[in-house]
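Beneath this line is the structure, given in structure tokens, with notes to follow.
The values are calculated or read from the model by the stated rules, or taken from the named source; none is laboratory data. Bear in mind the structure is a predicted one, so any value in this text is a computation, not a measurement. With ideal geometry, Cβ positions are generated from the backbone for all residues, glycine too; neighbour counts draw on all protein chains shown. Accessible surface is based on the protein model in full, side chains and every heavy atom, while ligands, DNA and RNA are left aside. Shrake-Rupley method; radii C 1.70, N 1.55, O 1.52, S 1.80 Å.
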Amino acid sequence: MSTEVGPNTPLAFGLIGLGRIGGRVAEHFARDPTGPQLTAVLVRPVHERAAAAFIDHALICTSIDAFVARQPHVAVECASQEALRAYATQVLASGIDLIPLSLAALANRNTELQIMTAAMSGPGRLEVPAGAIGALDVLAAAREDDLSCVTFRAAYPAVAWRHTAAATMLNLDSVTCRTTFFRGSVRDIASLFPRHVNVAVGVALAGLGLDATKAELSADSALSQAEFELDIVAGPGVVELRVRGRAAPLGADPIDYTAFSILRLLRRRQARVMI
């Protein structure tokens with residue numbers, strides 16, 4: 001069954017995927033012997049040798065059965081939508097809690113139903129991370145009192161939209177100021193732009209759902225990294241949140257809040273004071 005741990009019991013966690021975010025999480029906790037402990041990593045067979053060279057303190061698995069047999073308390077999916085679709089139900093059914101990052105997979109209604117049903121059935125639980133938006137607590141709290149409207153906005157450098165559906169919606173080479181090129185629901189944008197809007201799905205899950213949460217996408221030639229905005233209307237009042245990426249060259253590792261939101265959730269599970 002899903003296991004709670006206390007401050008004197010190190011949390012055992014596993015990583016599904018060992019890319020930029022997974023590697024950052026692994027490196028961080030490798031330097032902290034009192035924090036959560038990485039016990040298993042699931043990678044494709046072609047990446048096994050590289051993973052073993054990078055990780056010397058956890059079991060490298062190339063099958064979901066081997067990963068589940070390791071029985072970490074919680075698994076962090078930071079691989080791909082394909083991995084989330086393939087492994088989520090088995091992880092949850094095995095009593096392992098799951099923190100998924102590839103949330104755009106839930107734009108598909110069948111996938112959303114399958115994963116949510118598995119989470120409701122348990123015994124593993126699904127925990128949605130705040131990801132790049134930084135905080136979802138206020139949005140989830142707003143559901144308690146007349147949450148009526150949520151609008152998510154994402155602006156990326158114009159060049160970041162190349163090789164996506166945006167290229168058919170506007171001339172990216174001629175963008176000189178912030179230009180909104182798509183408005184719809186979160187389900188709409190997650191279906192059309194799955195590599196850019198995992199964070200939007202997290203917002204939708206915390207609030208009004210994928211169909212009732214409004215979304216806007218923009219291209220901005222003045223940006224070098226992504227910028228997100230969140231407008232919330234609820235009984236307690238209006239909330240406006242903006243998260244700007246750090247100043248970094250185009251194409252550089254953004255080092256956004258995504259990895260750090262995972263660090264927080266894992267630490268919180270064994271903390272005496274939970275914040």
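Within the group VAL186, VAL197, which residue is among the β-branched types (Val, Ile, Thr) and at pLDDT 95 or above? The unique qualifying residue is VAL186. Listed here are the strands (runs of 3 or more DSSP E) enclosed by the stretch 212-275 that have at least 3 residues being farther than 20 Å from VAL175 by Cα: 227-234, 237-244.
Looking at this structure, is VAL25 more than 23 Å from ALA132 (Cα to Cα), part of a helix (DSSP H, G or I), of a type in the set (A, V, I, L, M, F, W, C) and touching a residue at least 12 places away in the same chain (Cβ under 8 Å)? No, not satisfied.
The C-beta contact set for the stretch 203-232 (first residue under 14 Å from ARG183 (Cα atoms), second residue basic (Lys, Arg) and in a loop (DSSP other than H, G, I, E, B), distance under 7 angstrom, 6+ apart or interchain) comprises SER218/ARG178. Taking (1) surrounded by fewer than 20 Cβ atoms within 10 Å (Cβ to Cβ); (2) closer than 28 Å to GLU112 by Cβ; (3) touching a residue at least 24 places away in the same chain (Cβ under 8 Å) in turn, ASP65 satisfies each apart from (3). Is it true that some residue in the stretch 171-192 is over 21 Å from ILE115 (Cα atoms), of a type in the set (S, T, N, Q), part of a helix (DSSP H, G or I) and open to solvent by 40 Å² or more (accessible area, probe 1.4 Å)? Yes: the stretch 171-192 contains one or more residues that are over 21 Å from ILE115 (Cα atoms), of a type in the set (S, T, N, Q), part of a helix (DSSP H, G or I) and open to solvent by 40 Å² or more (accessible area, probe 1.4 Å). ALA135: among the small types (Gly, Ala, Ser) and either assigned to a helix (DSSP H, G or I) or at pLDDT 90 or above (or both), yes or no? Answer is no for this residue. Of a type in the set (Phe, Trp, Tyr), touching a residue at least 40 places away in the same chain (Cβ under 8 Å), out of contact with any His (no Cβ under 6 Å at 6 or more places or on another chain) and more than 27 Å from LEU38 (Cβ to Cβ): does that describe PHE182? So PHE182 fails the test.
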